[in-house]
Amino acid sequence: MRKYKDLITGLAVFFLSLFYLINIRSVRVFTGAGATAINARTIPLIEGSLLMLLSVIMLIRYGINARRGGYVSESGKEDSLDGQPLRIRMAVPLTLCLLLIYVLAIGRLGFVLTSIIYLFFQIIILSPNGKIRVPFAAVIAVIAPVIIYLVFVYLLNVPLPRGIMPF
Amino acid sequence: MFIEGFSAVFGNPMTVVLIFFGVAVGIVFGAIPGLTATMAVVMFLPLTYTMSPIMGIALLIALYIGGTSGGLISAILLNIPGTPSSVATCFDGRPLALKGEAPKALGIGIFYSFIGTIFGVIVMMLLAPIVANIAIMFGPFEYCALAIFSLSLVIMLTGKDMIRGLMAALIGMMLATAGLAPIDSARRFTFGNAQMNSGFQLLAVLIGLYAISEILGAAEDVGKPQAQIYKGKVKIKGLGFSMNEFRSQISNFLYSAAIGTGIGILPGIGGGTAGMLSYTFVKNKSKYPEKFGTGVIDGVVASETSNNACIGGALIPLLTLGIPGDGTTAVLLGALMVHNVAAGPLIFQKNGAVVYAIYAAMIIGSIAMLVIEYAGIRGFIKVLAIPKQFLLPVVMVLCFVGAFGNSNRLFDIYCTVGFGILAFLMRKGGLPFPPVILGFILGPLFESNFRRASQFIAIDPMAWTAHPIAIAFIVITVVLLALNIRKIIKNSKKEEKAV
């Protein structure tokens, strides 16, 4: 993976800077009295161009090192997840999905319900093999959001999304 | 007035109790990622309306001190900075905790937070009017040069892979350009979304980069054997460090305290930058810079001294000029107004007793912070004994509360998750996080002052020559950059030869 790290990072940053630079065109420039050559586009243009330049340098560095054979594959050193249950192999994408579900649902379901669902599944996902305690996860998943909600809403007067909850 | 102010605080047990309460609440706010000192001060401001000015302001100052210091707890124990001020504490605090030296890291962090705050108070007491006059000399040219100087530290912060460090800093600066532009309020990168007009919140970036990436990291490691850092009783000797260690840190403390107070005095920069600046300075000055980031106490000393010394510094322009340096001091300015205390050059004549009461409240607040945090060390460390699968999801939910509570927008929660995904990808690509935070804070400071300076230059092209402080900053930046680049090239040549 290390072998392609510079290549992938360089390419990703290159396209990110390209996207940024293209969008600078949509920024309206103030041309009225007091306007100078340095406008709302100038600094983003400098920053985007510098980022693109750095990504090109990284890609060139990759090319030179690859030709010299300077990259050593470290794939053998990585801990293999083969043979682990699907839940563990897919822990990162599942966590990402849970986070996305959380942000999409919190407005409709409210803080308490969304947090209960999130906490329960997140605890299960992060539990090591053989250490999944479903009842305990369920208790924490229910108690923690309820306490947080009560403390913030009623004690500290910080409003949290109520959603479909009646209180 | 001195006696009146000090006796109003020291002589009133209720005020002392309120300060201890304020510090304790502040520590909780600081320690929970997502909740900040500013939020604590805002929440408790209405409570002070019915109090006397001295009691009310003492409570808010106590919240400020506790909130700034509390961030070190989660930075060291969870690698998630509780506040932006404690970002640099993670660099060496977390590795120390992973080595099994969490009590030492916490002890050092707490003690240097205490003496850092006291240093800031002493500077404030002795030099407030003089220092405020120097701060007022800082205009667009000086701020612009200072931002360039601070940004140049990215190169020193990143060490070997300068390209990745610079990339990360530029990504931070680019994220900060979203929203309304300075000076002409042109909409930039808002993609037609009205919520984007106010740009991204620092808190959302911080939570995304540190908290979400931490939980994704835990998800990645779930199949690997977990190292249990703490089992059984926590042993702490004295303050957590030896006399020799204290002696070895005297110069680091003095440099960091001076940097922290100096940065605090200048509006709009804040404790996060102060911590990183001090860390970089101490690292560069050190005889063993290569050990930084692996768990040396120097890093914790630099960060915690500096961010707490910032408090005294930030109160100098607030009290003597009526200029708030950040969100917390802006709320404090409002509190002073509510209590009929007019901040500004005449504050010593009109409300001298309140000013001295603030000094006294800061001293008691620092002592309260020291006592409460030391008393709590054993409890804090027990957090490490909680299995990750329970601890991190609950912390994550608290982070979402903080992101939402900051300005009551669901949009900030969406951004938090977005930045978390970005952080995950950045970590895969080997891009460091601290330069992103530095770029995000300093980018807007640089741009707004650069554009203001350009307006002066449009009128008089030689206007910059009348700003010796700015010229000095630029010269120092160029010299330091040249020295560092030379050092990096030398080291890489050495490494190549060794291979």
| message | Every residue in region A:128-150 that is open to solvent by less than 10 Å² (accessible area, probe 1.4 Å) and either touching a strand residue (DSSP E or B) at 6+ places or on another chain (Cβ under 9 Å) or more than 21 Å from residue A:165 (Cα to Cα) (or both), please. | response | A:137
| remark: Taking first residues from region B:213-227 that are facing chain A (nearest Cβ under 7 Å) and second residues anywhere that are modelled with pLDDT under 85 and part of a loop (DSSP other than H, G, I, E, B), the pairs with Cβ under 6 Å that are 6 or more apart or on different chains are B:223/A:81; B:223/A:84; B:224/A:79
| remark: Counted residues in region B:451-474 being open to solvent by 80 Å² or more (accessible area, probe 1.4 Å) and touching a residue at least 12 places away in the same chain (Cβ under 8 Å) come to 3
| task | Please verify whether region B:404-417 includes one or more residues that are assigned to a loop (DSSP other than H, G, I, E, B) and farther than 25 Å from residue B:29 by Cβ. | result | no
| Residue match in region A:120-127 (condition: of a type in the set (A, V, I, L, M), at the interface with another protein chain (Cβ under 7 Å from one of its Cβ atoms), touching a residue at least 24 places away in the same chain (Cβ under 8 Å) and surrounded by 15 or more Cβ atoms within 10 Å (Cβ to Cβ)) | yes
| field | Selected residue [in contact with a Pro (Cβ under 6 Å, 6 or more places away or on another chain) and in contact (Cβ under 8 Å) with a residue 12 or more places away in the chain] from B:57, B:80 | value | B:80
| Residues in region B:418-425: is at least one touching a residue at least 12 places away in the same chain (Cβ under 8 Å), crowded, with 23+ Cβ neighbours inside 10 Å and facing chain A (nearest Cβ under 9 Å)? | yes
| Considering only region A:146-167, how many residues are at the interface with chain B (Cβ under 7 Å from one of its Cβ atoms) and farther than 20 Å from residue B:400 by Cα? | 0
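Quick grid of which residues meet (1) modelled with pLDDT of 95 or more; (2) open to solvent by 40 Å² or more (accessible area, probe 1.4 Å); (3) more than 9 Å from chain B (Cβ to nearest Cβ); (4) not in a helix (DSSP H, G or I):
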{"position": "A:8", "(1), (2), (3), (4)": "no, yes, no, no"}
{"position": "A:51", "(1), (2), (3), (4)": "yes, no, no, no"}
{"position": "A:63", "(1), (2), (3), (4)": "no, no, yes, no"}
{"position": "A:76", "(1), (2), (3), (4)": "no, yes, yes, no"}
| task | Kindly establish whether residue A:19 is more than 8 Å from every other protein chain (Cβ to nearest Cβ), open to solvent by less than 70 Å² (accessible area, probe 1.4 Å) and on the phi < 0 side of the Ramachandran plot. | result | no
| said: Just to check your reading of the model, which residue among B:5, B:11 is surrounded by fewer than 22 Cβ atoms within 10 Å (Cβ to Cβ), in contact (Cβ under 8 Å) with a residue 40 or more places away in the chain and more than 22 Å from residue B:113 (Cβ to Cβ)? | reply: B:5
| task | Pick out the one residue from B:63, B:72 that is farther than 12 Å from residue B:303 by Cβ and buried (at least 23 other Cβ atoms within 10 Å of the Cβ). | result | B:63
| task | Can you confirm whether region A:87-106 contains a residue that is at pLDDT below 85 and more than 7 Å from chain B (Cβ to nearest Cβ)? | result | yes
| With respect to residue B:440, is the statement that it is in a helix (DSSP H, G or I) and either facing another protein chain (nearest Cβ under 9 Å) or without any contact (Cβ under 8 Å) to a residue 12 or more places away in the chain (or both) true? | no
| What about residue A:35, is it within 7 Å of chain B (Cβ to nearest Cβ) and either out of contact with any His (no Cβ under 8 Å at 6 or more places or on another chain) or without any contact (Cβ under 8 Å) to a residue 40 or more places away in the chain (or both)? | no
| said: List the residue pairs whose Cβ atoms are under 7 Å apart, where the first residue sits in region A:152-167 and is under 15 Å from residue A:103 (Cα atoms), the second is open to solvent by 100 Å² or more (accessible area, probe 1.4 Å) and in a helix (DSSP H, G or I), and the two are 6 or more positions apart or on different chains. | reply: A:163/A:108
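Residue-by-condition table, conditions (1) modelled with pLDDT of 90 or more; (2) part of a helix (DSSP H, G or I); (3) open to solvent by less than 20 Å² (accessible area, probe 1.4 Å):
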residue	(1), (2), (3)
B:384	no, yes, no
B:399	no, yes, yes
B:435	no, yes, yes
B:447	yes, yes, yes
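Results for (1) farther than 27 Å from residue B:357 by Cα; (2) within 14 Å of chain A (Cβ to nearest Cβ), shown as yes or no for each residue.
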site	(1), (2)
B:12	no, no
B:20	no, no
B:38	no, yes
B:43	no, yes
B:55	no, no
B:61	no, no
B:81	yes, no
B:85	no, no
| Which one of B:121, B:87 is closer than 28 Å to residue B:6 by Cα and either crowded, with 24+ Cβ neighbours inside 10 Å or of a type outside the set (D, E, K, R) (or both)? | B:121
| query | If you check B:182, B:267, which single one turns out to be under 30 Å from residue B:131 (Cα atoms), open to solvent by 20 Å² or more (accessible area, probe 1.4 Å) and within 13 Å of chain A (Cβ to nearest Cβ)? | reply | B:182
| task | Keeping to region A:134-145, report how many residues are in contact (Cβ under 8 Å) with a residue 12 or more places away in the chain and more than 11 Å from every other protein chain (Cβ to nearest Cβ). | result | 2
| request: Mind telling me which of the residues B:28, B:17 ends up being surrounded by fewer than 20 Cβ atoms within 10 Å (Cβ to Cβ), within 17 Å of the chain's Cα centre (by Cα), β-branched (Val, Ile, Thr) and under 21 Å from residue B:367 (Cα atoms)? | output: B:28
| query | Hey, any hits in region A:158-167 for a residue that's assigned to a helix (DSSP H, G or I), of a type outside the set (Phe, Trp, Tyr), open to solvent by less than 20 Å² (accessible area, probe 1.4 Å) and under 30 Å from residue B:424 (Cα atoms)? | reply | no
| said: Yes or no: region B:251-260 includes at least one residue that is outside any helix (DSSP H, G or I) and either closer than 28 Å to residue B:342 by Cα or more than 13 Å from the chain's Cα centre (by Cα) (or both). | reply: no
| Which numbered condition residue A:131 misses (of (1) at the interface with chain B (Cβ under 9 Å from one of its Cβ atoms); (2) modelled with pLDDT of 90 or more; (3) farther than 30 Å from residue B:404 by Cα) | (2)
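The values are calculated or read from the model by the stated rules, or taken from the named source; none is laboratory data. Computed from a predicted model, the values in this text were never measured in an experiment. Cβ: placed from backbone, ideal geometry, glycine included. Neighbour counts: every protein chain shown. Only protein heavy atoms, including side chains, enter the accessible area calculation; ligands, DNA and RNA are left aside. Shrake-Rupley method; radii C 1.70, N 1.55, O 1.52, S 1.80 Å.
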